[in-house]
Amino acid sequence: MMDMFTECLLKRKKHFKEYAIAVPLILLGIIGTLFFLAFIWRSPLSGVGFAAVILMWWGIRVLISNQNKEFEYTVTNGDVDIDLIIAQKKRRRIISFNAKNIDKMAPVDQLSGAETFSKEIDASAHDGRFDVYYISATIRGEKTKILVNPSRKMLDILKNYRPDNIIIGEE
């Protein structure tokens, strides 16, 4: 059998929460800089104050850039890996499982409210341009719900492993 591989990289769309963090941080930076210019600039502590302002702006930049999140889905011969990439620098594996563990995968609008999950993972882009699917799987003994935006190729590969459990929505 030929190796089956695909990967998909999606950037998570920013929403109110991310902006609600960024705006106060920027305002804090502006207020801190103005305070430095008004009170500390000509004092003997101006060097320390200047260093503090530079460190503050560096910290603000790091905190805001950490709001940039991407998800990478990789399917290799039935093994599914979902990674979170923060600020295009840090990568963290969110979950890894085999397609044989998938109980059901379908468009999220087919999810019944009666199903209960012990663990839920949202690895979707939060972007209306992409179809949202849910994966119901038993992973390490826990019934897990995973929200993803799979590519058509990813759906086709997973359907090879679990033909009765993968429901592909309308295109």
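Specify, per residue and in Å³, the volume enclosed by the convex hull of the alpha carbon atoms belonging to the chain.
145 Å³
Take the Cβ-Cβ distance between Asp103 and Glu18 as r, set R0 to 22 Å, and report the resulting FRET efficiency rounded to the nearest 0.05.
0.10
Span-like helices, the chain: DSSP H, alpha-carbon axial extent 18 Å or more, mean Kyte-Doolittle -0.5 or greater, which ones?
16-35, 46-65
Where the only charges are on Cβ atoms (+1 Lys, Arg; -1 Asp, Glu), what is the dipole of the range 73-162 about its Cα centre, to the nearest 20 debye?
340 debye
For the chain, what is the mean residue ellipticity at 222 nm derived from helices alone (per DSSP H run of n ≥ 4: -39500 (n - 2.57); sum divided by total residues; nearest 500 deg cm²/dmol)?
-10000 deg cm²/dmol
In whole angstrom, how far apart do the alpha carbon centroids of the range 147-161 and the range 1-60 sit?
Centre-to-centre distance over Cα atoms comes out at 37 Å.
Quick one: in the range 71-114, what % of C-alpha pairs are over 17 Å apart?
Summing the P(r) tail past 17 Å for the range 71-114 gives 48 percent.
Taking 0.36 nm per residue of separation and subtracting the Cα-Cα distance, what length does fully extending Leu34 through Lys153 add?
37.5 nm
Ile86 to Ser43: extension gain in nm, 0.36 nm per residue of separation minus the Cα-Cα distance?
Contour length minus the Cα-Cα distance gives 11.5 nm.
Mind jotting down the three principal axis lengths of the range 27-127 based on Cα atoms? Whole angstrom, largest first.
68, 31, 24
With viscosity set to 1.002 mPa s at 20 °C, what whole-number translational diffusion coefficient in µm²/s follows for the range 74-171 from Stokes-Einstein and a Kirkwood radius over Cα pairs?
155 µm²/s
For Lys11, give me every one of the aspartates and glutamates with a C-alpha distance below 18 angstrom, ignoring sequence neighbours fewer than eight places off in its own chain.
Filter leaves Glu70, Glu72, Asp81, Asp83, Asp122, Asp127, Asp131.
Compute the Cα gyration tensor for the range 1-64, then decide on rounded, prolate or oblate, letting a ≥ b ≥ c be the square roots of its eigenvalues: rounded whenever a/c is under 1.5, prolate when a/b is larger than b/c in the other cases, and oblate in all that remain.
oblate
Within 10 Å of each candidate Cβ there may be at most 10 other Cβ atoms; applying that plus a DSSP loop requirement, which trypsin sites (Lys or Arg not before Pro) in the range 108-171 survive? Don't jump to the answer; show the numbers that get you there.
On the way: sites: Lys119, Arg129, Arg140, Lys143, Lys145, Arg152, Lys153, Lys159; in loops: Arg129, Arg140.
When the trypsin sites (Lys or Arg not before Pro) of the range 108-171 are filtered for loop state and at most 10 Cβ neighbours within 10 Å, Arg129, Arg140 remain.
Could you give the length gained by full extension between Ser118 and Met4, i.e. 0.36 nm per residue of separation minus their alpha carbon distance, to one decimal place?
38.0 nm
Label points 7 Å out from Cα along the Cβ direction at Lys143 and Ile168: separation in nm?
So the two model labels end up 2.8 nm from each other.
About its Cα centre, what dipole magnitude does the chain give when the only charges are +1 on Lys and Arg Cβ and -1 on Asp and Glu Cβ, stated in debye to the nearest 20?
With only Lys, Arg, Asp and Glu charged at Cβ, the dipole is about 780 debye.
By DSSP, what percent of the beta bridges with both residues in the range 98-171 are antiparallel, rounded to the nearest 5? Could the numbers behind the result be given before it?
Working: 12 of 17 bridges.
Here the share of antiparallel DSSP bridges comes out near 70 percent.
Each reported figure results from applying straightforward, stated rules to the coordinates on display, with no laboratory input. This one's a predicted model, so the numbers in the text were calculated from it and none came from an experiment. Note that we place each Cβ from the backbone using ideal geometry, even for glycine, and neighbour counts take in every protein chain shown.
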